[in-house]
Amino acid sequence: MEVGQMQRRLVDYTKSLSMEGFLDGQFLLLQQLQDESNPDFVVEVVSLFFGDSDKLLNDLTMVLDQPNVDFKKVDALVHQLKGSSSSIGAQRVKNACIAFRNYCEEQNIEACLRCLQQVNQEYCVVKNKLETLFRLEQQIVGAGGSIPMMEMGF
Amino acid sequence: MAQSNKEKSTKITALVVDDDMINRTIHHRLLDNLGIENEVVGNGKEAVDVHCSGKNFDLILMDKDMPIMNGIEATRKLREMGIRSLIAGVSSRSTEQEIQEFMEAGLDDYLEKPLTMSKLVTIIRKIDSNG
């Protein structure tokens, strides 16, 4: 596949992630902050997000598995995950966290467990999508091309 | 206009105070992108310590919820020390009462996360106009 085709595929894929609600404008901001002096900025920040999220989701599983669930702790963990997903533009993960926090407030264990499942699912999906996006970028760079700038219509 | 603003902006210094590494990384880069020299620390105590070491900044971006010393305590402490920097509180928790408590600690402004370029530019214009 020639570079121009790869670039079009990347642009279309990125736009689809926005239209389907996986990523919001905050992700575009991260892309705009990437330049020749910081060529791996987006990958670095998203990698931090992956690392944080893996730990937070593990911690949430453990805390919700306790006989006496500490809902304050659950809320604090979900708040962190909401914050980091919001910071990188992972909109669906953020929205799932917002719903999760409502059930923490109600101290509804069954609903919290369902929310955890939902958050896990949304996280897995966006992680796969982002890894695909980064692979497409690597293919372009590997073929000697450059990553096209995304537009505000994102 | 962009070039003259950038030249002017290079004289502004900032301190990012946030316990979350993702936010520190993004805010550091946002400020870099605006030509603002900046440092990052991980909690309120480190923010106080860096001022005790003799450093001073035009702008402090202060997260609210941090371990060891939170943003409210750190803001209060910095004001008691006579620090007159523009301190902008940054948080994603936003009940009115919490914002009020944060403001009363000595903030000049409050910004909701996530920070964007336009939110930062609004704050930086305040520094420029106070000049």
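Every residue, every condition in (1) of a type in the set (Ser, Thr, Tyr); (2) closer than 16 Å to residue A:83 by Cβ; (3) in contact (Cβ under 8 Å) with a residue 40 or more places away in the chain, yes or no:
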site	(1), (2), (3)
B:71	no, yes, yes
B:86	no, no, yes
B:99	no, no, no
B:104	no, no, no
B:114	no, yes, yes
B:120	no, no, yes
B:127	no, no, yes
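Selection within segment B:60-69: residues that are without any contact (Cβ under 8 Å) to a residue 40 or more places away in the chain and open to solvent by 20 Å² or more (accessible area, probe 1.4 Å). The member of this set that is nearest to residue B:111 (Cα to Cα) is B:69. Look through A:68, A:38, A:108, A:128 and report the one residue that is within 13 Å of chain B (Cβ to nearest Cβ), at negative phi and exposed (fewer than 15 other Cβ atoms within 10 Å of the Cβ). Only one candidate qualifies: A:38.
When you look at residue A:139, is it touching a residue at least 60 places away in the same chain (Cβ under 8 Å), out of contact with any Pro (no Cβ under 7 Å at 6 or more places or on another chain) and either hydrophobic (A, V, I, L, M, F, W, C) or part of a helix (DSSP H, G or I) (or both), yes or no? In short, yes. Taken over segment A:80-103, the criterion of being over 25 Å from residue B:27 (Cβ atoms), hydrophobic (A, V, I, L, M, F, W, C) and either within 14 Å of chain B (Cβ to nearest Cβ) or surrounded by fewer than 21 Cβ atoms within 10 Å (Cβ to Cβ) (or both) is satisfied by A:99 alone.
With respect to the conditions (1) out of contact with any Ser or Thr (no Cβ under 6 Å at 6 or more places or on another chain); (2) surrounded by 15 or more Cβ atoms within 10 Å (Cβ to Cβ); (3) within 14 Å of chain A (Cβ to nearest Cβ), residue B:95 lacks only one, and its number is (2). Figure legend. Inter-residue proximity from segment B:13-41: first residues touching a residue at least 40 places away in the same chain (Cβ under 8 Å), second residues among the β-branched types (Val, Ile, Thr) and surrounded by fewer than 24 Cβ atoms within 10 Å (Cβ to Cβ), beta-carbon distance below 6 Å, spacing 6+ or different chains. Indicated pairs: B:14/B:36; B:16/B:40; B:17/B:41; B:36/B:12.
So that you can scan it fast, the table gives a plain yes or no per residue for (1) within 13 Å of the chain's Cα centre (by Cα); (2) modelled with pLDDT under 95:
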{"position": "B:4", "(1), (2)": "no, yes"}
{"position": "B:17", "(1), (2)": "yes, no"}
{"position": "B:24", "(1), (2)": "yes, no"}
{"position": "B:29", "(1), (2)": "no, no"}
{"position": "B:33", "(1), (2)": "no, yes"}
{"position": "B:38", "(1), (2)": "yes, no"}
{"position": "B:44", "(1), (2)": "yes, no"}
{"position": "B:49", "(1), (2)": "no, no"}
{"position": "B:53", "(1), (2)": "no, no"}
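The values are calculated or read from the model by the stated rules, or taken from the named source; none is laboratory data. Nothing here was measured: the structure is a model prediction, and the numbers come from that model. Virtual Cβ from ideal backbone geometry, glycine too; neighbours counted across all protein chains shown. When the accessible area is computed, the model is the full protein with side chains, heavy atoms only, and any ligands, DNA or RNA have been set aside. Shrake-Rupley method; radii C 1.70, N 1.55, O 1.52, S 1.80 Å.
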